[in-house]
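Comments concern the structure below.
The values are calculated or read from the model by the stated rules, or taken from the named source; none is laboratory data. Because the structure is a prediction, the values reported are computed rather than measured. Glycine also receives a Cβ, built like all others from the backbone with ideal geometry; neighbour counts cover every protein chain displayed. These accessible areas exclude ligands, DNA and RNA; they are computed on the full protein's heavy atoms, side chains included. Shrake-Rupley method; radii C 1.70, N 1.55, O 1.52, S 1.80 Å.
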Amino acid sequence: MQLKRYQERVIREVKLFLEALAAQQVSGNRHASLDAWEDAKRLFSLKGEYRLRKNGLGKDLPTFCIKVPTGGGKTLLATQILGLVYQTILKNRNGSGLVLWVVPSDQIYKDTLKTFRDRRHFYRESLEFALSRRIEVWEKHEIFRLTPGQLHSNLNILMLKLASTNRETREQLKFFRDSGGNIVQHFPPENDPEKHKALKSQFLNLDMLGDDDGQDESLVKTSLGNLVRLCEPAVILDEGHKATSELARSTIEGFNASIVVELSATPPKEANVLVRVTGKELLDEQMIKLPINIANSNQPSWKNCLTQAREKREHLAKLAERHYRATEKLIRPIVLVQVERTGKDQRDTGFVHSEDVKQYLMQRESVHESAIAIKTSEKDDIEGMDLLAEGCPVEWIITKAALQEGWDCPFAYILVSLNNTGSQQSMTQLVGRVLRQPNVERTPFDELNESYVFCLRRKAADISREVKKALEQEGYEGDAASVVDSTAEDGKAGQKRVATIREEFQRYYREFEGKIYLPRFCVKQGDKYDVLDYFRHLLSQVDVTRFDYAGIEWDMAAALKAAKDSIYRLTLDQDDFVPVAERESVTLESDEQVKAWLVASLRFDYFSQKRLREIISRATGRLFQLTPELSGRLGLVKFEVREKIVGLIERGTDRQTQEAFETLFKNKRLSFYLECVEGRFEIPPKIEIRGTKKLIHDDNEAIQRSLFDYVADDLNEYEKSVALYLDRHPEVLWWYRNLVGAQCFSIQGYKRNKIYPDFVVQQGHSKKPVASVVVVESKGKHLKGNEDTNYKRTVGSYFQKVGQKVPWQKLAADFQDETFRFQVLDEGEYTDRDWRADLKKLLESAV
């Protein structure tokens, strides 16, 4: 799975810290984590002072927190960070050992366990990629089967709930009790008390059998708790803010942890927050559904509120059906209903009960019983159910508080709060459940990119305060909390600002009923034209047999050499394991099985299995030629091989789609043609603007040349500078700020993802249009010269070649042909010349 930009930033900054930490530890620094923190401040934007922690052995315990709002993919980040830990400070463990994965609740425990044990889930794949080791996932009741061989050859993840590690009740728990099974093999023989004493002297916090009855007993307990202490595990602490008590902290540190990585949406003040992810970053990456739209019903009955929610769900379902027909991506909008009572003996108490709601939905709203689920502490209709599955019937989930923590379903769109008491806690615990964006991808339908709250007889100020508080509790303080649509006390929805094309510009397009069209690449088919389609016109021309297999020069010999298992011995007078031997790793998979795995694990759904098998066959055949000793041992390097093959496919595909693109151009089949209805883009006459600050000049003068009468001030500084420059340039008639999305202007190049230029500029003289339109893509200094920028320049050159004097729409009586130009505008890095010079030259050049 492709990481989002903010996730890549998190991984990058954590890696810098861990590398600094590893260097400090190698030097023997007893306060390595503190000094590494100071080193990291010089490498990236890190604020705050580091708070030292020590583990149960009195050693420095590196402890840091990643602040990620709800829906930001904390588990995925944790898998990547765990890989970094094993590549840096725990490099000598060769990817094996024990990891404690501590979660705060049953729901998070179940979900995490399920995904880690599913070898096809991207969390599991992420772990395997990051660690290149066999992964074993254990629960407490299973870990007693763990053998020393498994411990030293696999990465063993022990799933724990925070409560199960609580030492206050430890003797009531098997975790700290003396036990049998394979766990005994990790300890000295019972008939050798001297070795037990030596082990105790090495790990002073081990529990002894004599601790139970006061006798002078020197045998170490063969308990899971003691085994964990011997392993000095890395600890992943999910929802770290739940483990703030001194008891919880001392318990985790008492496991002799080698590092503690916390992930939290709302870390406490004392947390060592290494990296912070903002809600704005999640919103920009299409991870969440915002804004939240709130409907406050002033009707006396909660049933009316349900009716409104049902109508909204049906409307969203129709949009979701259209989206599915167009993309085959399923969305089934789900309504969460928060009631006041759920108990069997609480139905006739005057409070809204779960069974009353279910009965009303079935009898009055014609909702089928199979579409309604109740989730309470006593009844769980969704236990074990895959709510994202295509055949799942659930559309309504009724609960009181059972979904407050850890429950995750991107299909949850609507929250209905039927709390009549006016409690400030009525909604705050459930708002986060409707934030995640299905498929982590915005749809062409704005209403499917937002979430909804229906509540009963509440004051508008109270609602706004509660929802903002709820967002803050999910980690969206400040940035995302501002994009909330509230409702007035009369129940009418708050007005959204609508920006329209200025009247003075519309008059130039009367021949086209005021509509403004922009052409896109079209392909000539005989005497007809079709819009350029990446799959039909470009990808269909890719021949996988033409990939550069002969150019493969991958050094798998080095990877094979690194595929070693290390053997360690621990003697009585040593503080740590001493490596005594290495042996070659053994793979149980045949080469054919590995090839089948490679075919199944490649994420190129637009290539058939037959074509993927062809790619794998040719690539591995070349590898066997280069490295004959790889034959029969392909499984030892399968992850490295897969990574290389992905690059081979992407590079080969882009090269051939570029060739197909160029062939269309050379054969004069690539053109602009506005009569190709699907190929032209209509700038929408109206766009919705949410309550954001209006863009103005630095001298507080209003903008004059924007195509629309209102432009929001939500651009970055460079984009804002370009917009304001265009607004005062005499050669500009109007400018239009383009966005990213299915309803925005895009250019299809020879790569799969479309290009969405930042600005479209209609040139003019004396407030009249001239036959020139400029499309501008602005690039900051940090992007100058990178691969994406160079690609856009290449496509832009064809855009200009094809766009020279093309039939367009007449803007005036003497207007004949329109010229289109595409300019990638670098911000510039030298003071004697910047982007303004290039843009000025472009606008003032003769048409």
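At-a-glance table
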quantity: Carbon/sulfur fraction of accessible area - region 642-765, other protein chains in place, 1.4 Å, %; calculated: 45
quantity: Heavy-atom accessible area ranking, 1.4 Å probe, most first, across 590, 105; calculated: 590, 105
quantity: Area projected by the alpha carbon convex hull of region 347-389, averaged over all directions, nm²; calculated: 3.9
quantity: Rg and Dmax [Cα atoms of region 585-649; Å; Rg one decimal, Dmax integer]; calculated: 11.3, 35
quantity: Cα gyration tensor category, rounded, prolate or oblate, for region 273-351 with a/c compared to 1.5; calculated: oblate
quantity: Accessible area per residue, Å², region 615-665 with all protein chains present, probe 1.4 Å; calculated: 40
quantity: Residue 498 accessible area, 1.4 Å probe, all protein chains in place, Å² to nearest 10; calculated: 70
quantity: Cα-based shape type of region 300-400, given that a ≥ b ≥ c are square roots of the gyration tensor eigenvalues and the cut on a/c is 1.5; calculated: oblate
quantity: Cα-Cα separations in region 318-366 greater than 13 Å, expressed as whole percent; calculated: 66
quantity: Whole-Å semi-axes of the ellipsoid equivalent to region 1-94 (Cα gyration tensor, √5λ, descending); calculated: 23, 15, 13
quantity: Carbon/sulfur fraction of accessible area - region 67-167, other protein chains in place, 1.4 Å, %; calculated: 49
quantity: Surface accessible to a 1.4 Å probe, per residue, for the residues of region 61-132, Å²; calculated: 31
quantity: Sparse-neighbourhood loop sites, GluC sites (Glu not before Pro) in region 81-163 - DSSP loop, at most 14 other Cβ within 10 angstrom; calculated: 139, 142
